[in-house]
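Presented below is the structure to which this report refers.
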Amino acid sequence: MVYLSMVFFQVVAPILIMLGIGASLQIKFQFNLKALSNLITYCLMPAAVFINIYETKVNAGVLGQIIIYLLIFSGCLMLLGSMVSKILKLNRSQAAIYKNSIVLINNGNYGIPVSQMLFATNPLGTSIQIIIVIYQNIITYTYGLYNLISSTKSGLDILRSLLRLPIVHALILGALMNIFDIRIPIFLRIPLDYLAHAFISIALITLGAQLAQLDIKTILNKVILTSTLGRLIIGPVIAFGLILLMGLDGVVAQSLFIASAFPTSRNSSTLALEYDIEANLAAQIVLFSTVASCITVTIVIYLSNILWG
């Protein structure tokens, strides 16, 4: 019960409050959601990803282990999403949302606060979470975007759409400036920080505004329930097996296991809104998985302490 209350009040409750603010404002003012989505996708999100990648410093040995794990883990989730979407006989748009809901994980504004809380005396736990956030950013704007765009486009059109996105340029530029230790001039760094700090709040308010337009009666259907099961239950089971197979232990094992249990990323909903592909379904999955995760994440944290604490 202690873990349940800590995770809920320090992580889930603030997210739900931001969603509630967005929903309330949408009911009163009827925002242009497409304009808000454009603001996030073409301005705030690239700034946040750039700063995140630019600032992260990691140990090469730990990084190698984590990257191997993440590649195998996400590959398993991709395979799971593809198989289940075929079993459920989803159309291309629904299948894209379903696959993203399982593979794209909220390791940012959900995962990092949890890690900071759990590993306050061991910075390695939070550092691992930052590595996962960067990896998830890459997966989101490669695999995630490909899923959405390929549901309406094909071939060279997909590649053109991907290369046109500022987020791709931000990923590359942030990585290069990190590797070569290039300093950002202060007159550029200050506005970049302003934009990066605005990202989470505006993204959550926009998601809340989306949710205000949903029909709550439709929120419990087979797509939402099975995607939540895949993200919150099957994901940690796969992670547990991989951790044992790779012989990982201690804080590394704990961090990776806990990170596997976080809910669907809000970015899956943001991108769905941007490309107008099953945006309501994507928002419903994010909401339901986030609420349900306050129970499942608590259980995973408890198990991680027993197994590797």
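The values are calculated or read from the model by the stated rules, or taken from the named source; none is laboratory data. Quick caveat, the model's predicted, so the values are computed rather than measured. Glycine also receives a Cβ, built like all others from the backbone with ideal geometry; neighbour counts cover every protein chain displayed.
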Would you please name the residue that is surrounded by the fewest Cβ atoms within 10 Å (Cβ to Cβ), looking only at residues in the range 196-241 that are among the β-branched types (Val, Ile, Thr) and under 14 Å from Arg266 (Cβ atoms)? Ile200
Six or more apart or on different chains, Cβ atoms under 9 Å: show the pairs whose first residue is in the range 123-143 and more than 11 Å from Leu104 (Cβ to Cβ) and whose second is assigned to a helix (DSSP H, G or I) and acidic (Asp, Glu). Ile130/Glu55
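I want to confirm something. Restricting to the range 175-195 and keeping residues that are modelled with pLDDT under 90 and surrounded by 11 or more Cβ atoms within 10 Å (Cβ to Cβ), which single residue is nearest to Tyr98 (Cα to Cα)?
To start, the set of residues in the range 175-195 that are modelled with pLDDT under 90 comprises 175, 178-179.
Then keep just the ones that are surrounded by 11 or more Cβ atoms within 10 Å (Cβ to Cβ); that gives 175, 178.
Details: Ala175: 30, Asn178: 34 Å.
Ranking the candidates gives Ala175 first.
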Wholly inside the range 230-309, helices (runs of 4 or more DSSP H) that include 1 or more residues that are among the charged types (D, E, K, R) are 266-274
Selection status of Ile17, in a helix (DSSP H, G or I) and touching a residue at least 24 places away in the same chain (Cβ under 8 Å): no
Does any residue of the range 112-130 turn out to be at pLDDT 85 or above, hydroxyl-bearing (Ser, Thr, Tyr) and either touching a helix residue (DSSP H, G or I) at 6+ places or on another chain (Cβ under 8 Å) or in a helix (DSSP H, G or I) (or both)? no
Could you grab me the full set of residues in the range 77-113 that are among the small types (Gly, Ala, Ser) and under 19 Å from the mean Cα position of the chain (by Cα)? Gly81, Ser82, Ala95, Ala96, Ser101, Gly108, Gly111
Tell me, which residue of the range 60-71 that is in contact (Cβ under 8 Å) with a residue 40 or more places away in the chain and of a type outside the set (A, V, I, L, M) is nearest to Leu256 (Cα to Cα)? Tyr69
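Specify the residue that is surrounded by the fewest Cβ atoms within 10 Å (Cβ to Cβ); the eligible residues are those in the range 261-275 that are more than 16 Å from Val133 (Cα to Cα) and hydroxyl-bearing (Ser, Thr, Tyr).
Across the range 261-275, the extreme among qualifying residues is Tyr275.
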May I ask you to verify whether Ile258 is under 20 Å from Ile128 (Cα atoms) and crowded, with 19+ Cβ neighbours inside 10 Å? yes
